[in-house]
There are 2 protein chains.
Amino acid sequence: MRPYLTTRSLIPENQETPISFIRGWQTEEPLFYRRNHFQYPRLPEDHLFLPILGHVQQPRMFSYQDLASMPSKTLTVALECAGNQRSKFDPRVYGEQWENGAVSQGTWRGVPLAYLITLTGLHSTAKEVVFEGQDFGKREDLEGVFYYGRSLPLTKALHPDTIIAYEFNGKPIPFKHGYPYRLIVPQWYAMASVKWLKRIKVIDHEYQGPFQTIDYQYYPYPDLDKGKTPVTVTNVNSIIQQPLPFQILDQGIHQLEGLAWTGLGRIKEVEVSVTGGESWEKATLVNSTAQPYAWTQWSYLWEVKEKGEYRIKSRAKDYNGRVQPEKPFWNRKGYGYNAIAEVKVKVV
Amino acid sequence: MRPYLTTRSLIPENQETPISFIRGWQTEEPLFYRRNHFQYPRLPEDHLFLPILGHVQQPRMFSYQDLASMPSKTLTVALECAGNQRSKFDPRVYGEQWENGAVSQGTWRGVPLAYLITLTGLHSTAKEVVFEGQDFGKREDLEGVFYYGRSLPLTKALHPDTIIAYEFNGKPIPFKHGYPYRLIVPQWYAMASVKWLKRIKVIDHEYQGPFQTIDYQYYPYPDLDKGKTPVTVTNVNSIIQQPLPFQILDQGIHQLEGLAWTGLGRIKEVEVSVTGGESWEKATLVNSTAQPYAWTQWSYLWEVKEKGEYRIKSRAKDYNGRVQPEKPFWNRKGYGYNAIAEVKVKVV
């Protein structure tokens, strides 16, 4: 028996990780969630060359050999789609109906963008860095054809752990996950980690691409665009992997298991409630201090001696004082869901 | 891109068909839903021999060669798990949280049980026929170990289309779907179609196995067992395959697609509403009269010129006058869901 990706759509391909059944530290490629805005791109002949241009002192074109010979970093990063758990918003919101598996963890090796920028230099006018993917297509809401592109402010772009990755789990990046180059932006939702990098452009203004200014914005109102704010740092979050929702259990000892992660620092604690939130206990954490961007596995031994229905909850806190809320922050496009996780079970 | 089974649990293995992405007449084995009560059985050495015993004139042991040389029937049958769509009941019920993919369609070839019974004869005391699978294990609610077993009343057991199947889609039955022999009971929910048939026993009383008397009963009350009735004939039903729930569509023409089936006779019509049930139109049916137990594919061309939110519904009727209800019949174990299908979409 093995789990499979859960299919949300095929054109474009959107499939989520069967997260309840994932154990261990890395999500291997067959079970790493796939999120696409368009059909997969056809890579051009020159796809191994990566230009950096725009408001730089010296535009450069990097080859695969160039990058592979430079100082590299290897980071294990939990990547979460900003729309993960969108299906749980109430009122419901439109878009891909992700449950809780649009999150996976891989080990990425690449060259810090900051290092490449030391080779190109920057103009004093430089303000943002735009990352363009090879993927393009139509949108439902606009006329025309658009490339997938996103920008980062200079400070985040030049963070020493923002890397141009060329390896995933020790091998060249699989095509569906961005071969040959994928930007990896730890701590931000995964829309920032642009796949199939085609070119990098330093600009002197705020990037206006639709995946920056229309999508990946929190819209607090159902019908108005006012008050929108950009989606950036990943919220503190946890999920319950076991038991499964509405599972029937026998009396005895059950190991509750789950994952927790945050985009600001590290997970400090995960609390578990088996009383629907009346009382909370600390879960045991498996937390690699060597990998600051990785998720934390949590577990809790639950002895249950009485029949009945139980509401199990998990609540993560990070070292920045952030804690999962009772209710998610509702927003029209359904981003950033991080309410306390809950699973109901029946003991017979 | 290809769809995968959606994993509900691994031990036992329960995975549902990605039904929105299934086209065509047969569900091939990799995408045929898997529903198990226990871990997969280890087949004994004599698994190719099938005994029929009990209240018969002449107990017989049939070999694979025996069966393969007998008159056979080939039937295309939509098999639906009685718990399909359990996740949609409100109030929610416990058990495997099937969405709408615990249904698949295969072509089964086998020998009518009625033919085998002509060779064994029946005692006048014969009342039911019990079908025992090779699979066994523990239950959450009872002490001890149980085989999976189910009975049929004589009239259904001896129906000319109740077959002992030895082929699925033109090949030996895949192990996970009951190799070497699977009982196929058209028109009944799939719990009746016992996999890995070990033996067939004619009895003179009502079978009392837990999968007959505890499970697969409609319990109308949340806490009381009174009023329970057995799950048998498949309800009239339809699903919407396209568009997907909460999909965002552009203005123009969209093909709505789905499936419909019934356990009593045949599908007469499928009506579609794009107005949340205010008005209904007839869908176009692809209905093979040659295969009375198969599902019907339906489609409807929808031209939408105005932005907004739309509630799309489908409602099937069969020739027995049965029609999908507005609300499902709630029952504690969550069987037989067949409310009118609904998908909400947003047109931008």
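The values are calculated or read from the model by the stated rules, or taken from the named source; none is laboratory data. Being a predicted model, the structure only gives us computed values, none of them experimental. Here the Cβ positions follow ideal geometry from the backbone for every residue, glycine too, while neighbour counts run over all protein chains shown.
Scanning the stretch A:27-59 for residues that are farther than 20 Å from A:ALA192 by Cα and under 15 Å from the mean Cα position of the chain (by Cα) yields one hit, A:LEU31.
Can you confirm whether the stretch B:289-305 contains a residue that is within 14 Å of another protein chain (Cβ to nearest Cβ) and farther than 27 Å from B:GLN187 by Cβ? Taking every residue of the stretch B:289-305 in turn, at least one turns out to be within 14 Å of another protein chain (Cβ to nearest Cβ) and farther than 27 Å from B:GLN187 by Cβ. Do the conditions hold for A:HIS47, that is, is it in contact with a strand residue (DSSP E or B) (Cβ under 9 Å, 6 or more places away or on another chain) and within 20 Å of A:ASP215 (Cα to Cα)? The answer is no for A:HIS47. Taking the options B:THR107, B:THR125, name whichever one is surrounded by fewer than 19 Cβ atoms within 10 Å (Cβ to Cβ) and under 15 Å from the mean Cα position of the chain (by Cα). Testing whether each residue is surrounded by fewer than 19 Cβ atoms within 10 Å (Cβ to Cβ) and under 15 Å from the mean Cα position of the chain (by Cα) leaves just B:THR107. For first residues located in the stretch B:211-225 and within 17 Å of A:GLU309 (Cα to Cα) and among the charged types (D, E, K, R), partners that are modelled with pLDDT of 95 or more and assigned to a loop (DSSP other than H, G, I, E, B) and lie 6+ apart or on another chain with Cβ distances below 9 Å form the pairs B:ASP223/B:ARG332.
Residue selection: A:ALA190 satisfies the criterion of being touching a residue at least 60 places away in the same chain (Cβ under 8 Å) and touching a strand residue (DSSP E or B) at 6+ places or on another chain (Cβ under 9 Å). Kindly indicate whether B:ILE164 is out of contact with any helix residue (DSSP H, G or I) (no Cβ under 8 Å at 6 or more places or on another chain), outside the structural domain of B:GLY265 (by TED's automatic domain parsing), closer than 19 Å to B:TYR64 by Cβ and buried (at least 21 other Cβ atoms within 10 Å of the Cβ). So B:ILE164 does not fit the description; no. Of all the listed residues (A:LEU158, A:LEU154), the sole one being more than 22 Å from A:ASN14 (Cα to Cα), among the hydrophobic types (A, V, I, L, M, F, W, C) and surrounded by fewer than 17 Cβ atoms within 10 Å (Cβ to Cβ) is A:LEU154. Within the stretch A:1-30, the set of residues being more than 9 Å from chain B (Cβ to nearest Cβ), not hydrophobic (A, V, I, L, M, F, W, C) and not in a loop (DSSP other than H, G, I, E, B) comprises A:ASN14, A:GLU16, A:GLU29, A:PRO30. Note on the stretch B:222-252: residues that are over 25 Å from A:VAL348 (Cα atoms) and in contact with a Pro (Cβ under 7 Å, 6 or more places away or on another chain) amount to 1. Do we have A:TYR33 as within 14 Å of chain B (Cβ to nearest Cβ) and either in contact with a helix residue (DSSP H, G or I) (Cβ under 8 Å, 6 or more places away or on another chain) or under 27 Å from A:ASP204 (Cα atoms) (or both) here? Against the criterion (within 14 Å of chain B (Cβ to nearest Cβ) and either in contact with a helix residue (DSSP H, G or I) (Cβ under 8 Å, 6 or more places away or on another chain) or under 27 Å from A:ASP204 (Cα atoms) (or both)), A:TYR33 does not qualify.
Here's the yes/no breakdown for (1) within 13 Å of chain A (Cβ to nearest Cβ); (2) more than 17 Å from the chain's Cα centre (by Cα):
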position	(1), (2)
B:SER72	no, yes
B:LEU75	no, no
B:ASN84	no, no
B:ASP90	yes, yes
B:VAL93	yes, yes
B:TRP98	yes, no
B:THR118	no, yes
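Among the residues of the stretch B:89-111, are any more than 30 Å from B:ARG8 (Cβ to Cβ) and touching a residue at least 24 places away in the same chain (Cβ under 8 Å)? Scanning the stretch B:89-111, I find at least one residue that is more than 30 Å from B:ARG8 (Cβ to Cβ) and touching a residue at least 24 places away in the same chain (Cβ under 8 Å), so the answer is yes.
In the stretch B:66-77, the condition of being closer than 26 Å to A:VAL343 by Cα, of a type outside the set (Val, Ile, Thr), in contact with a strand residue (DSSP E or B) (Cβ under 7 Å, 6 or more places away or on another chain) and modelled with pLDDT of 95 or more is met by no residue.
When the residues of the stretch A:187-221 are filtered to those that are outside any strand (DSSP E or B) and in contact with a Pro (Cβ under 8 Å, 6 or more places away or on another chain), the one that is farthest from A:ARG34 (Cα to Cα) is A:GLN212.
Quick one: would you say A:ARG92 is touching a helix residue (DSSP H, G or I) at 6+ places or on another chain (Cβ under 6 Å), of a type in the set (D, E, K, R) and surrounded by fewer than 20 Cβ atoms within 10 Å (Cβ to Cβ)? So A:ARG92 fails the test. Mind listing whichever residues of the stretch A:31-60 are outside any strand (DSSP E or B), farther than 25 Å from A:LYS138 by Cβ and touching a residue at least 24 places away in the same chain (Cβ under 8 Å)? Residues satisfying the conditions are A:LEU31, A:PHE32, A:LEU48, A:HIS55, A:VAL56, A:GLN57, A:GLN58, A:PRO59. Taking the residues in the stretch B:266-283 that are β-branched (Val, Ile, Thr) and under 20 Å from B:THR76 (Cβ atoms) as candidates, determine which candidate is surrounded by the most Cβ atoms within 10 Å (Cβ to Cβ). Among those residues, the one meeting the criterion is B:VAL270. Residues satisfying the criterion are present in the stretch B:248-265 (criterion: in a loop (DSSP other than H, G, I, E, B), touching a residue at least 24 places away in the same chain (Cβ under 8 Å), within 24 Å of A:PRO222 (Cβ to Cβ) and not assigned by TED's automatic domain parsing to the domain that holds B:ILE19).
Screening B:TYR148, B:TYR181 for residues that are assigned by TED's automatic domain parsing to the domain that holds B:LEU43 and within 17 Å of B:CYS81 (Cα to Cα) leaves exactly one candidate, B:TYR148. Take the residues in the stretch A:120-160 that are among the acidic types (Asp, Glu) and closer than 21 Å to A:TRP196 by Cβ; name whichever of them is nearest to the other protein chains (Cβ to nearest Cβ). Ranking the candidates gives A:ASP135 first.
One residue alone among A:GLU303, A:GLU309, A:GLU271 is in a strand (DSSP E or B) and either touching a Leu at 6+ places or on another chain (Cβ under 8 Å) or within 21 Å of A:ASN338 (Cβ to Cβ) (or both), and that residue is A:GLU271.
Among the residues here, B:GLY277 qualifies as closer than 27 Å to A:SER87 by Cα, in contact with a strand residue (DSSP E or B) (Cβ under 8 Å, 6 or more places away or on another chain) and not in a strand (DSSP E or B). Within the option set A:LEU79, A:LEU67, being in contact with a helix residue (DSSP H, G or I) (Cβ under 6 Å, 6 or more places away or on another chain) and more than 9 Å from every other protein chain (Cβ to nearest Cβ) holds for one residue only, A:LEU79.
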